[in-house]
Amino acid sequence: MDKWNEIRTAYMVAKLGTITAAAHGLGVHRATVIRHIDTLEAELGSKVFFRNPRGYSLTETGEDLLRVAEATEDQLKQFLGRAHSRTPGVAGELIVSTVDVVCQTFDGAIRHYLTENPESTVRSLVTSRAVKLEYGEAHVAIRAGKKPVDPDYVVLPLKPLTTGLYAHQSYIDKNGATHSIAELSRLRYVGIGRSTPVGPYAWLEKHVSPIKYAFLSESFHSRLQAIMAGIGVGFMPETQAAVLQDIAVVHAPNRALNTRLWLVTHGATHRSAKVQAFINSLRATGHMPQAD
């Protein structure tokens, strides 16, 4: 069906209530509005409007059409907003979606991006939710775990997040050091609280059963504070542990504990200047392989 003009006309009649108002809003003659409606109803094989002396009211088919047209108008407005916000070159706001456990890992790349593009601003959107890039919620997303499979997305591998199992020294002093995986079962843990374990937590569930959790939180910051308070043993990036005081290694970082990371962009904006500039910064700071 190729009747977009007719659908738009019918939407305006439904929205404004009369043929005259719709014609004025569209900048066309009343006869054109009537012709569009007649053509649309013939195409649909169903009446869109009830005609009455007070104007036009919607049939059931018309109400369905109105819902579709309203959703389409909303999406078009979102598209126009995104299009107008794009400026030539690399300037304006770059929205980067990350999960909190990896957020600070990319500070160097963000600093490089801002140094190279001083007219830019980076907004960090920290969420465990998979943002909708197609609606402009973010320009790029850094995701952890399994590779995203959305066919509209461009997915590039990032350097894995190197993770270890750590505890505050006060916890070790109280509970003793561990010297093998078998001894991990006597410890209490700080965990993420998800029903389906991912990344290093899947490894922990495989080797420790049952896991005795002392504290659970979706927030990495909250988990980190719990570990530093000596509440239990928990996972953190190796780079994070390196800058903390009185942190002891319970199980050293290794490939089994690594978390796979992915850079995700939408196919429609992947080649935009700001997205490519951010990818270049990721490469320059060692987070991505250099381009061939």
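The values are calculated or read from the model by the stated rules, or taken from the named source; none is laboratory data. Treat the numbers as computed from the prediction; the structure is a model and nothing was measured. Virtual Cβ from ideal backbone geometry, glycine too; neighbours counted across all protein chains shown. Ligands, DNA and RNA are excluded from the accessible area calculation, which covers all protein heavy atoms including side chains. Shrake-Rupley method; radii C 1.70, N 1.55, O 1.52, S 1.80 Å.
Of all the listed residues (VAL154, VAL149), the sole one being over 21 Å from GLN240 (Cβ atoms), of a type outside the set (D, E, K, R) and assigned to a loop (DSSP other than H, G, I, E, B) is VAL149. Look at region 265-284: where a residue is more than 19 Å from TYR135 (Cα to Cα) and in a helix (DSSP H, G or I) and a partner is open to solvent by less than 20 Å² (accessible area, probe 1.4 Å) and modelled with pLDDT under 90, sitting 6+ places away or on another chain with Cβ atoms under 6 Å, you get LEU282/MET288.
Which members of region 115-124 meet the condition of being surrounded by 15 or more Cβ atoms within 10 Å (Cβ to Cβ) and of a type outside the set (S, T, N, Q)? The answer is VAL122, and nothing else. Within region 111-124, can one find any residue that is under 16 Å from LEU263 (Cβ atoms) and either touching a Gly at 6+ places or on another chain (Cβ under 8 Å) or touching a residue at least 40 places away in the same chain (Cβ under 8 Å) (or both)? Yes, region 111-124 contains at least one residue that is under 16 Å from LEU263 (Cβ atoms) and either touching a Gly at 6+ places or on another chain (Cβ under 8 Å) or touching a residue at least 40 places away in the same chain (Cβ under 8 Å) (or both).
Return the total of residues in region 58-101 being of a type in the set (A, V, I, L, M), open to solvent by 80 Å² or more (accessible area, probe 1.4 Å) and modelled with pLDDT under 70.
To start, the set of residues in region 58-101 that are of a type in the set (A, V, I, L, M) comprises 58, 65-66, 68-69, 71, 76, 80, 83, 90-91, 94-96, 99, 101.
Adding the requirement that they be open to solvent by 80 Å² or more (accessible area, probe 1.4 Å) leaves 68, 76, 80.
Filter again for modelled with pLDDT under 70, leaving 76, 80.
Qualifying residue count for the region: 2.
Applying the set (1) within 21 Å of the chain's Cα centre (by Cα); (2) open to solvent by 40 Å² or more (accessible area, probe 1.4 Å) to ALA277 leaves exactly one unmet item: (2). If I ask for residues that are part of a helix (DSSP H, G or I) and either touching a strand residue (DSSP E or B) at 6+ places or on another chain (Cβ under 6 Å) or acidic (Asp, Glu) (or both), which ones from region 157-174 would you list? Answer for region 157-174, where residues must be part of a helix (DSSP H, G or I) and either touching a strand residue (DSSP E or B) at 6+ places or on another chain (Cβ under 6 Å) or acidic (Asp, Glu) (or both): GLN169, ILE172, ASP173. Residue pairs whose Cβ atoms lie under 8 Å apart, sitting 6 or more positions apart in sequence or on different chains, and linking a residue in region 233-253 that is acidic (Asp, Glu) to a partner that is in a strand (DSSP E or B) and open to solvent by less than 80 Å² (accessible area, probe 1.4 Å), are GLU238/THR163; GLU238/GLY164; ASP246/HIS168. The set of residues from region 209-239 being in contact with a Leu (Cβ under 8 Å, 6 or more places away or on another chain) and surrounded by fewer than 18 Cβ atoms within 10 Å (Cβ to Cβ) comprises ILE211, LYS212. Annotation: of all residues in region 175-202 being among the small types (Gly, Ala, Ser), in contact (Cβ under 8 Å) with a residue 40 or more places away in the chain and assigned to a loop (DSSP other than H, G, I, E, B), the one that is least open to solvent (accessible area, probe 1.4 Å) is GLY199. The one condition from (1) in contact (Cβ under 8 Å) with a residue 12 or more places away in the chain; (2) farther than 30 Å from GLU134 by Cα that LEU26 does not meet is (2). Picking from residues in region 1-13 that are part of a helix (DSSP H, G or I) and touching a residue at least 24 places away in the same chain (Cβ under 8 Å), the one that is nearest to SER57 (Cα to Cα) is VAL13.
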